[in-house]
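None of the figures in this text is laboratory data; all of them are computed from the coordinates on show. Every value quoted in this text rests on a predicted model; they were computed, and no experiment measured them. All Cβ positions, glycine included, derive from the backbone under ideal geometry; neighbour counts span all protein chains shown.
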Amino acid sequence: MLEQRKSEHLRINLEKDVAFPRLSTGLESYRFSHNALPEVSLEEVDLSTTFLRRQLRLPLLISSMTGGTADAQRINFHLAEGAQAAGMAMGLGSLRAAVEAPHLADTFRVRHLAPDILLLANLGAVQLNTGFGVDTCRWVVDLVEADGLILHLNPLQEALQVEGDTDWRGLLRKIEQVCRGLEVPVVVKEVGWGISAGVARRLADAGVSAIDVAGSGGTSWSQVEMYRAPTERMRRLCAAFADWGVPTAEALVEVRAALPGMPVIASGGLRSGMDLAKVLALGADLGGLAGPFLKAANASAQAVADLALEMADVLRTVMFCLGITDLQALKGSPTLRYASAPRGSE
């Protein structure tokens, strides 16, 4: 059943319109102030960064998506090869499938194709309430030779699935146990409905190494679940949450203000190099994309690398036109302003 669900999720994301009907990321409300006299060379602009002790050529993450089926293996291989070529990070889809059905493990094994990337394993946090523990987390990290572990939070998605896991009691304490017991960094992310400042503080106190706000405005998993709902009543339930969540820009600003020193990934509806530039300027350390890379990976590894490098070209040009040569200077830069704010001259 789990393998079938993974296959359905992959098919729906590739074939159906699963965007939020009205809710946006909020990034469209921000504008950069152009610097007509940047006093830098385009060749000086450096997009490299370090995240979770790994050097990256681009501040970009392929957000966790898939695994557990033959087609998912093909896509994961293309994603990994593209990530290696472009010098970006990659998150794997939930490895619960490999735990429960070991014959599916090879669909997640990509390290041989991407020896140099920051690679993150992934499990649903709620599985810590269904028998998974620190040993399980360690096993999946070792299985895929990962540099860290993502625990994803998806309470709404679980509530919208007939087979969903909906007992979330005591989960924070178990996340803390994983953070203390695992030898690699633990990242906690949402799946597209956003993390608030309050939740981020609780996660920081529990010992997580980084937070991916994964806000609303990109793929709506309530829409995904609506397409696979078995009854009209369930479809209406899913439809009621089509525009639920904290928009990506709002979640990012809140979490960065609450936790100035926490490594933060911003994902959820990023579609371009301009979106990437905006989240970095708002304080993110990395930007994450899923949907655009999924469609690219369905074509080829080269398409994945080309998409990343195209985004890098835009980001590099943005920084040049701001007179900024490194990512640290872009982070929190006053050159990005809310569109309704007064605009002064540089």
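Using amide H atoms built 1.01 Å from N in the peptide plane, name the residues 5+ places from S267, or on other chains, whose amide H lies under 5 Å from its own.
Those lying under 5 Å, H to H, from S267 are V213, A214, G215, G288.
Which ³J(HN,Hα) values, rounded to whole Hz and listed in residue order, are derived for segment 325-337 from phi using the Karplus coefficients 6.51, -1.76 and 1.60 in 6.51 cos²θ - 1.76 cosθ + 1.60 with θ = phi - 60°, glycine and proline given as x?
Whole-Hz 3J(HN,Hα) from phi for segment 325-337: 10, 9, 5, 5, 6, 6, 4, x, 5, x, 6, 9, 10.
Rounding to the nearest 20 debye, state how big the charge dipole of segment 111-231 is about its Cα centre with +1 on each Lys and Arg Cβ and -1 on each Asp and Glu Cβ. Working shown, then result.
Values: 10 positive and 15 negative charges, 61 e Å.
Charge dipole of segment 111-231: 300 debye, to the nearest 20.
Just grab the label-to-label distance for N298 and R235, each label 7 Å out from Cα along the Cβ direction, in nm (one decimal).
Here the answer is 2.1 nm between the modelled labels.
Run the quick spin-label model on L172 and R53: label points 7 Å from Cα toward the beta carbon, then report their separation in nm to one decimal.
2.8 nm
Between V314 and A70, what length comes free when the chain is fully extended (0.36 nm per residue of separation minus the Cα-Cα distance, one decimal in nm)?
Numbers: separation 244, 0.36 × 244 = 87.84 nm, distance 3.42 nm.
Difference between extended and current length: 84.4 nm.
Pull up all non-local amide H partners of S220: gap of 5 or more, or a different chain, and H-to-H distance under 5 Å with H placed in the peptide plane.
The answer is A19, F20.
Could you tell me which of A72, Q127, V318 has its Cα farthest along the dipole of segment 2-338 towards the positive end, charges placed at Cβ (Lys, Arg +1; Asp, Glu -1), taken about the Cα centre?
Looking along the dipole axis, the top candidate is Q127.
Report relative contact order for segment 183-281 in percent, whole number only (criteria: Cα-Cα under 8 Å, sequence separation at least 6). Before the final figure, lay out each step's value.
Numbers: 164 pairs, mean separation 35.3, N = 99.
Here the relative contact order equals 36 percent.
Give the distance, in whole Å, between the Cα centre of segment 235-306 and the Cα centre of segment 144-194.
If we compute the Cα centre of each part, the gap is 18 Å.
With unit charges on the beta carbons (Lys and Arg positive, Asp and Glu negative) and the dipole taken about the Cα centre of the chain, which residue among F108, L182, A249 sits farthest to the positive side?
Going by the charge dipole, the pick is A249.
Dipole magnitude of the chain about its Cα centre, charges +1 at Lys/Arg Cβ and -1 at Asp/Glu Cβ only, in debye to the nearest 20?
Values: 33 positive and 39 negative charges, 140 e Å.
Approximately 680 debye in magnitude.
Which residue fluctuates the most in the chain, going by a Gaussian network model with Cα springs under 10 Å, if the choices are S94, S333, S267?
Most flexible of the set in this elastic network: S333.
Report the residue, chosen from L149, L61, L307, that carries the largest GNM mean-square fluctuation when the chain is represented by alpha-carbon nodes joined by springs under 10 Å.
L307
When the Karplus curve 6.51 cos²θ - 1.76 cosθ + 1.60 is applied with θ = phi - 60°, which whole-Hz ³J(HN,Hα) does each residue of segment 80-86 get, with x for Gly and Pro?
Values, residue by residue: 5, 5, x, 5, 5, 5, 8 Hz.
Evaluate the relative contact order of the chain (contact order divided by residue number), counting alpha-carbon pairs under 8 angstrom at least 6 apart; express in whole percent. Walk me through the numbers before you get to the answer.
Values: 729 pairs, mean separation 84.3, N = 346.
Averaging sequence separation for qualifying contacts and normalising by length gives 24 percent for the chain.
With P(r) over Cα pairs in 10 Å bins from 0, in percent defined as stated, name the option among (1) 6, 26, 36, 23, 7, 1, 0; (2) 5, 21, 31, 29, 13, 2, 0; (3) 5, 22, 29, 24, 14, 5, 1, 0 computed from the structure displayed.
The listed entry that was calculated here is (1).
Quick one: which residues, 5+ away or cross-chain, put their amide H under 5 Å from the amide H of V191? H built at 1.01 Å from N.
L153
Once phi is turned into ³J(HN,Hα) by the Karplus curve 6.51 cos²θ - 1.76 cosθ + 1.60 with θ = phi - 60°, what whole-Hz value does each residue of segment 127-144 show in order, with x for glycine and proline?
Using θ = phi - 60°, the values come out as 5, 5, 9, 10, x, 6, x, 4, 5, 5, 4, 5, 4, 5, 4, 5, 4, 9 Hz.
Could you calculate the FRET efficiency of H103 with N35 from 1/(1 + (r/R0)^6), where r is the beta carbon distance between them and R0 is 56 Å, rounded to 0.05? Don't skip to the answer; put the middle values down first.
Values: r = 56 Å, r/R0 = 1.00.
FRET efficiency, H103 to N35: 0.50.
Pick from V162, V126, V18 the residue whose mean-square fluctuation is largest in a GNM of the chain, springs joining Cα atoms under 10 Å.
For the chain, modelled as a Gaussian network with Cα springs under 10 Å, the answer is V162.
Roughly how far apart, in whole Å, are the Cα centres of segment 197-226 and segment 28-74?
19 Å
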